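The structure appears below as structure tokens.
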């Protein structure tokens, strides 16, 4: 088990608001260098591939875009991965969903993180090939970075408390 | 009149929609299939150095980056007027077959297979890979995961990265592989072949042994007599990476066989006002609407059509399965072709899986793949290049034009699923018409059978699948045909 928390930034660098994940990853890597207290990975992946990245980790924060239609573009949604469960039954795409991947991993005995949290920005445009995000989504990057720093600090504190108990 | 749409709820964009317009008496009035299309990729390419495109185009699609990498690399070879070295061609072929082995595995076990392994009437909650392993065992799930890992490892060794390869460059490949890496790929290739044998057994035991499934596959509701397209080698055997594009008519007679550079002489695109995605058709036959037959230019570019367009497979176990495929489905032992049942595409995919695994195993043993002669350096700029490969879900074309400095001035792409836009529409229409009859109540099982007609094509709108929750679902919406009002939505997961 890898003890360092993982910040897993998903997305696509050339699809408008889907750049959110890679932009956040780049900011974290540039600003924090090696002092972040967590591993930061950008991956343009989904489904099965996520299982590969999650296996063996203790705590993971996924950074991504989402389209709920229930909030203005640029709104950050924070939730544990478990709340995506209702979507696991969809079967018509190319990739299995994150909840399906996690359930599959559990059934196959793959060691998965005890903590999988998600921070996803409400997107405005994920269909235009572009190296620019829409303004509301671009403005949400700073807020996401702040959230991620707090999340990492929380994970470190939990780890420390756990060590004290030991 | 009512209309039905098959629709996702977790994402509001980036999904396919099926609209069913239903009359007051319950009969089907009309049916439309809509898919999203990413905007502006061709324009995005303009102004960029051509040699950057094989790396950039892998970002078009989260599903088949390897196919775009290879088609783009071939187009860029053309732009620079250079042919890759023999060793580089073998490496490209090897890594591409390893990619196919993983991709076809994913489709069979996670996407298309659940309809058969779990059954078309199984509750939606069970009709997925979790249902598959519940039925055939956890050990099968482990085998599937292992097979995927094998393909990815080969891509990592040869392509430089696990998922999005980066090593195909103008005139060859940029990364040499070691003898140790070759030994690892040889081992992987042998394991892949064993997995393909196991998958054929699953097809036999779970699908072909069930008369109900065989009847469903052979039913007229899932049958279209269209033209079939696929790339073939010099012996008319299926080839995913290189060769000529061959098209046979609905009776199996060769309609044309052309070099990739001549594709515009054979394929043109029709536009419908309700869909962003165009409808390619055969230029010399013409567009006659969403109809099949020898007078309609509609063609399929799928695993099934690749088998139809070929004279066989280039490896022994795949060839044996190819022969069994046609004997079983035509009832004729003389090699009668073609087969037009859309649901047979799933089995055709397994024939191709076996070929991809055998080809990986065979190429892995070639001593030349560890050669250091990996690049024929470009000497001048031709200014135009066309690259075609067979993506798992259809013939993929990249066409670039550049200025004298090799800067892109124009780009045109026809992606795999686009080829099948018209047949997918026709398949959905026919399945819907066969199922939605006067006086019947529309059930989830009926809507799933309509989706099965769509799913057999392994369609890919996956370019934005990275957004949570990581799926590109399909929506079925029922409309009142008179008013257009939505009266029912199929949301299987609700």
Residue B:164 versus (1) part of a helix (DSSP H, G or I); (2) within 19 Å of the chain's Cα centre (by Cα): which is the lone unmet condition? (1)
Which is modelled with pLDDT under 80, buried (at least 24 other Cβ atoms within 10 Å of the Cβ) and either in contact with a helix residue (DSSP H, G or I) (Cβ under 9 Å, 6 or more places away or on another chain) or more than 14 Å from chain A (Cβ to nearest Cβ) (or both), of B:474, B:396? B:474
Within the range A:1-50, which residues are crowded, with 20+ Cβ neighbours inside 10 Å and more than 14 Å from chain B (Cβ to nearest Cβ)? A:5, A:6, A:7, A:28, A:38, A:40
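How about the range B:148-161: which of its residues are in a helix (DSSP H, G or I) and either within 11 Å of chain A (Cβ to nearest Cβ) or within 23 Å of residue B:198 (Cα to Cα) (or both)?
Start the filter on the range B:148-161 by keeping residues that are in a helix (DSSP H, G or I), which leaves B:148-159.
B:148, B:149, B:150, B:151, B:152, B:153, B:154, B:155 - these are the residues of the range B:148-161 that are in a helix (DSSP H, G or I) and either within 11 Å of chain A (Cβ to nearest Cβ) or within 23 Å of residue B:198 (Cα to Cα) (or both).
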When the range B:161-184 is examined, which residues are found to be touching a residue at least 12 places away in the same chain (Cβ under 8 Å) and over 27 Å from residue B:387 (Cα atoms)? B:178, B:179, B:181, B:182, B:184
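Is it true that some residue in the range B:411-426 is modelled with pLDDT under 80 and either farther than 18 Å from residue B:71 by Cα or in the same structural domain as residue B:268 (by TED's automatic domain parsing) (or both)? Break it down stepwise before answering.
Pass one, the range B:411-426, residues modelled with pLDDT under 80: none.
No, the conditions are met nowhere in the range B:411-426.
Determine whether residue B:83 is more than 15 Å from residue B:396 (Cβ to Cβ), modelled with pLDDT of 75 or more, more than 21 Å from the chain's Cα centre (by Cα) and away from chain A (no Cβ under 14 Å). Reasoning before the result, please.
Values: more than 15 Å from residue B:396 (Cβ to Cβ): yes; modelled with pLDDT of 75 or more: yes; more than 21 Å from the chain's Cα centre (by Cα): yes; away from chain A (no Cβ under 14 Å): yes.
Yes: the conditions hold for residue B:83.
Suppose we filter the range B:9-18 for residues that are touching a strand residue (DSSP E or B) at 6+ places or on another chain (Cβ under 7 Å) and at pLDDT below 65; how many remain?
Of all residues in the range B:9-18, those touching a strand residue (DSSP E or B) at 6+ places or on another chain (Cβ under 7 Å) come to B:15-18.
Then drop every residue that is not at pLDDT below 65, which leaves B:15.
The total comes to 1.
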State which residue is modelled with the lowest pLDDT when the search covers only the range B:219-245 and only residues that are part of a strand (DSSP E or B) and surrounded by fewer than 23 Cβ atoms within 10 Å (Cβ to Cβ). B:223
Tell me, yes or no, whether the range A:104-126 has at least one residue that is crowded, with 20+ Cβ neighbours inside 10 Å, facing chain B (nearest Cβ under 10 Å), over 20 Å from residue A:6 (Cα atoms) and modelled with pLDDT under 80. yes
Need the failing condition index for residue B:142 against (1) in contact with a helix residue (DSSP H, G or I) (Cβ under 8 Å, 6 or more places away or on another chain); (2) assigned to a helix (DSSP H, G or I), just the number. (1)
Odd one out for residue B:55, checked against (1) more than 20 Å from residue B:400 (Cβ to Cβ); (2) surrounded by fewer than 24 Cβ atoms within 10 Å (Cβ to Cβ): (1)
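In the range B:46-55, is there at least one residue being within 13 Å of chain A (Cβ to nearest Cβ), under 18 Å from the mean Cα position of the chain (by Cα) and touching a residue at least 12 places away in the same chain (Cβ under 8 Å)? Lay out the reasoning, then the answer.
Going residue by residue through the range B:46-55, those that are within 13 Å of chain A (Cβ to nearest Cβ) are B:46-48, B:52-53, B:55.
Within this subset, residues satisfying the condition of being under 18 Å from the mean Cα position of the chain (by Cα) are none.
Looking through the range B:46-55, none of the residues is within 13 Å of chain A (Cβ to nearest Cβ), under 18 Å from the mean Cα position of the chain (by Cα) and touching a residue at least 12 places away in the same chain (Cβ under 8 Å).
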The range B:430-458 - residue that is modelled with pLDDT of 80 or more and in a loop (DSSP other than H, G, I, E, B) and, of those, surrounded by the fewest Cβ atoms within 10 Å (Cβ to Cβ): B:438
So which residues in the range B:122-136 are within 7 Å of chain A (Cβ to nearest Cβ) and loosely packed, with under 15 Cβ neighbours inside 10 Å, if there are any at all? B:125
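May I ask you to verify whether residue A:73 is surrounded by fewer than 21 Cβ atoms within 10 Å (Cβ to Cβ) and in contact (Cβ under 8 Å) with a residue 24 or more places away in the chain? Please lay out each step first, then the result.
Numbers: surrounded by fewer than 21 Cβ atoms within 10 Å (Cβ to Cβ): yes; in contact (Cβ under 8 Å) with a residue 24 or more places away in the chain: yes.
Yes; evaluated as a whole, the condition is true for this residue.
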Residue tally, condition over 23 Å from the mean Cα position of the chain (by Cα) and not assigned by TED's automatic domain parsing to the domain that holds residue B:108, over the range B:329-368: 7
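Of the residues B:88, B:67, B:101, which is at pLDDT 80 or above and either part of a loop (DSSP other than H, G, I, E, B) or within 13 Å of another protein chain (Cβ to nearest Cβ) (or both)?
Only one candidate qualifies: B:67.
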Tell me, yes or no, whether the range A:85-100 has at least one residue that is at pLDDT below 80 and more than 7 Å from chain B (Cβ to nearest Cβ). yes
Does the range B:137-147 hold any residues that are buried (at least 21 other Cβ atoms within 10 Å of the Cβ) and at the interface with chain A (Cβ under 7 Å from one of its Cβ atoms), and which are they? B:141
Is at least one residue of the range A:60-69 in a loop (DSSP other than H, G, I, E, B), free of Cβ contacts under 8 Å to residues at least 12 places away in the same chain and facing another protein chain (nearest Cβ under 8 Å)? yes
Please work out which residue is modelled with the highest pLDDT, limiting yourself to the range B:19-38 and to residues that are touching a helix residue (DSSP H, G or I) at 6+ places or on another chain (Cβ under 9 Å) and within 14 Å of chain A (Cβ to nearest Cβ). B:33
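The values are calculated or read from the model by the stated rules, or taken from the named source; none is laboratory data. Model, not experiment: these values are computed from the prediction. No Cβ is skipped: glycine too gets one built from the backbone with ideal geometry, and neighbour counts run over all protein chains shown.
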